[in-house]
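The values are calculated or read from the model by the stated rules, or taken from the named source; none is laboratory data. Owing to the predicted nature of the structure, the values given are computational and were not obtained by experimental measurement. Neighbour counts run over all protein chains shown; Cβ positions are idealised from the backbone, glycine included.
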Amino acid sequence: MFKMFKMFKNYDSTNIKLPIHGQGVIIFKTIYDSCSLTFCNKADSDGIKIEFSSNFIKGTIISSGEELIDKNNNSGLQNNKRIYYWVSLDSQNQKIQAGIGEARIENIIYTYQFSKETIEIFHKNKAFIESMFKINILDQNIKNIIGQPQPCIKIINILKDPITLKIPLLIRDTHHLSMHDVASSNFLPKSNLSAFAEKLYDCISGKNFILDNSDFPDFSKAIEYSILTPKLWCHEKLKDKSTEFNKDKPDILETYLRITLGQNNGESPGIPYVMEIWPPHHYSPIHNHAGAHAIIRVLYGEINVSLYPYLCSEKDSVKPFGNINLIKDDITWISPTLNQTHKLENLNGSQTCVTIQCYMYDDKNNVHYDYFDYLDSDNNIQQYEPDSDMDFIEFKKIIKSEWENRNKNTEN
């Protein structure tokens with residue numbers, strides 16, 4: 001459960017098979033005002049057609065013409081070509097679900113539950129759904145110059161597991177995970193991360209990966225001091241960055257510091273390990289993460305995370321589907337298909353937050369899109385190249401020197 005997957009693959013529109021018969025999630029985009037996809041059996045003798053229009057989604061059994069209606073569904077395709085959609089087929093629970101943006105329970109807008117009225121009906125429906133073998137995306141109304149039907153959607157990913165549970169945002173390792181944690185789905189077991197995310201988690205989750213260590217036990221206090229004191233490094237750097245995301249509209253609160261650990265080895269957007277510093281009330285723009293895996297741990301203070309189904313220029317029309325306040329030592333995650341688009345904000349009015357952010361592309365990612373797309377103050381989507389404000393070793397030396405000379409700084 002909750003395994004992570006890569007996005008943006010190429011699919012042959014004439015030969016698309018489900019990874020497992022009768023189940024999976026199809027994630028797609030479309031440029032049309034209406035579209036459909038059909039789950040078919042191996043012989044093409046029956047199937048389930050799922051139709052999307054601007055104001056509804058509905059299913060139809062091909063052989064009988066029976067319509068699979070969700071009476072609560074009143075929306076479908078949106079007037080924005082960047083948005084993506086998904087359909088989940090679930091033979092075990094005998095359910096079809098569809099939604100907008102990230103494929104998860106919070107973003108469902110259509111659900112059809114097959115009847116379980118009798119054991120005979122249950123087994124009949126299960127056998128029918130499990131007979132679904134492949135996906136047809138060709139549309140008879142869309143044809144090429146020689147009259148052949150063409151795809152009405154572009155599949156960008158197919159996931160093996162259907163949408164069944166709300167996905168936890170917090171990770172727990174083996175030694176802290178209880179039976180209640182697994183049963184309640186309140187925490188993601190560390191072992192259910194992808195191999196790439198697990199590698200990042202193992203690097204930054206240890207008891208010695210801390211801000212205030214024996215070498216500099218006042219590191220967090222010194223960072224706070226540097227932020228609050230004019231002419232010191234953090235204070236001045238934050239002022240310099242006030243136009244980083246909006247060149248014509250300075251905003252000192254829409255800033256944070258990026259202190260990098262190590263070098264860029266070409267396996268991540270920017271340097272893979274970044275210590276980020278968030279003074280009180282400071283925040284990021286809404287942004288995504290280049291299809292990378294990521295792990296985020298709070299080292300000091302607390303940070304609020306708002307999750308969005310997708311990045312869209314109509315910012316006010318896209319509401320966050322999730323929100324969590326992370327405190328010291330909490331660890332959360334990002335995968336290529338989940339938790340990709342978020343906004344971070346330090347809601348604490350008196351304490352800075354320090355996080356460690358870690359990023360990595362997986363082996364199948366041959367694009368290596370090295371930007372975080374974000375929304376500027378005019379709701380335009382812009383590119384931000386993850387950069388470094390300073391190397392960690394050098395930063396620590398400067399902050400330590402400022403702290404040790406704080407009485408002199410006060411006198412000056």
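With respect to Leu89, determine if the residue is farther than 27 Å from His21 by Cβ, modelled with pLDDT of 95 or more and among the aliphatic types (A, V, I, L, M). When the stated conditions are applied, Leu89 does not pass them. Hey, any hits in region 205-225 for a residue that's closer than 30 Å to Asp363 by Cα and either surrounded by 19 or more Cβ atoms within 10 Å (Cβ to Cβ) or aromatic (Phe, Trp, Tyr) (or both)? Within region 205-225 (the criterion being closer than 30 Å to Asp363 by Cα and either surrounded by 19 or more Cβ atoms within 10 Å (Cβ to Cβ) or aromatic (Phe, Trp, Tyr) (or both)), the answer is yes, since at least one residue qualifies.
Of the residues making up region 283-314, those that are among the aliphatic types (A, V, I, L, M), at negative phi and in a loop (DSSP other than H, G, I, E, B) are Ile286, Ala292, Leu311. Would it be correct to say that Ile356 is at pLDDT 95 or above and aliphatic (A, V, I, L, M)? So Ile356 passes the test.
Restricting to region 237-261, name every residue that is over 22 Å from Gly349 (Cβ atoms) and among the charged types (D, E, K, R). Matches in region 237-261: Asp240, Glu244, Lys247, Asp248, Lys249, Arg258. Of the residues making up region 259-282, those that are assigned to a strand (DSSP E or B) and closer than 18 Å to Phe209 by Cβ are Ile259, Thr260, Leu261, Tyr273, Val274, Met275, Glu276, Ile277. Where strands (runs of 3 or more DSSP E) fall wholly inside region 47-154, the ranges with 1 or more residues that are touching a Phe, Trp or Tyr at 6+ places or on another chain (Cβ under 8 Å) and hydrophobic (A, V, I, L, M, F, W, C) are 47-52, 57-61, 85-90, 95-100, 132-136, 138-143.
So how many residues does region 227-258 have that are assigned to a helix (DSSP H, G or I) and either touching a strand residue (DSSP E or B) at 6+ places or on another chain (Cβ under 9 Å) or at positive phi (or both)? Steps first, answer last, please.
Filtering region 227-258 down to residues assigned to a helix (DSSP H, G or I) leaves 227-228, 233-243.
Then drop every residue that is not either touching a strand residue (DSSP E or B) at 6+ places or on another chain (Cβ under 9 Å) or at positive phi (or both), which leaves 227, 233-234, 237-238, 241.
Looking only at that region, the number is 6.
The sole residue among Ile210, Ile155, Ile204 that is aliphatic (A, V, I, L, M) and assigned by TED's automatic domain parsing to the domain that holds Tyr84 is Ile155. Within region 368-390, if we keep just the residues that are over 19 Å from Val274 (Cβ atoms) and of a type in the set (D, E, K, R), the residue that is surrounded by the fewest Cβ atoms within 10 Å (Cβ to Cβ) turns out to be Asp378.
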